[in-house]
């Protein structure tokens, strides 16, 4: 079993009353390798100035985690198959809506990876589809969520 940690830290500005609900949602995400990522609520959920639009919100992080996990598996599978990937870009999109229980949830994530190949060998459309399917099946994050996760590669 592997364990993964993140430290999330928020601190009230001494000038903010807090109980009036007019406080900054800006906080930090700290990871074991030393990375510090500014976090905040989404301006879609909590209006500016109490959200920080420049920071990463949990919904964006959810979409990014799914996309990153899929990409890492895809790169691994492509390398093992003998294909060279020169560039991989995914303009992933997450949708928040009411789920079957009537609660707000990330109900759909669409991955749209565009791959640029190097070398002389390149997978055909069927093989590319198989690679993305295997990457999706192997992705720990996709295997961990109830949301539908789609992969729509960009050619």
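Each reported figure results from applying straightforward, stated rules to the coordinates on display, with no laboratory input. Since the model is a prediction, treat every value here as computed from it, not as a measurement. All Cβ positions, glycine included, derive from the backbone under ideal geometry; neighbour counts span all protein chains shown.
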- Query: In nm, what is the difference between 0.36 nm times the number of residues separating residue 76 and residue 120 and their Cα-Cα distance?
  - Reply: 14.0 nm
- Rounded to the nearest 5, the percent of DSSP beta bridges in the chain running antiparallel is 75 percent
- Query: Which angle between 0 and 90 degrees, to the nearest 10, do you get for helix 125-138 versus the longest principal axis of the chain when only C-alpha atoms count?
  - Reply: 40 degrees
- Entry for volume of the Cα convex hull per residue in Å³ (calculated from the structure that is shown) out of [x] 160; [y] 145; [z] 129: [x]
- Item | Euclidean distance between Cα centres, region 40-63 to region 108-124, Å | 30 Å
- Item | Helical mean residue ellipticity (222 nm; -39500 (n - 2.57) per DSSP H run of 4+; nearest 500) of the chain | -8500 deg cm²/dmol
- Rounded to the nearest 10, the angle in degrees between the Cα long axis of helix 58-81 and the longest principal axis of the Cα atoms of the chain comes to 20 degrees
- Query: How high is the relative contact order of the chain, in percent, counting Cα pairs under 8 Å that sit 6 or more residues apart?
  - Reply: 17 percent
- Descending packing, highest mean Cβ count within 10 Å first, for 132-139, 10-17 is 132-139, 10-17
- Task: Report the calculated FRET efficiency for residue 143 and residue 21 (r = Cβ-Cβ distance, R0 = 30 Å), to the nearest 0.05.
- Result: 0.25
- Based on the Cβ-Cβ distance of residue 97 and residue 5, what FRET efficiency does E = 1/(1 + (r/R0)^6) give at R0 = 30 Å, to the nearest 0.05? 0.45
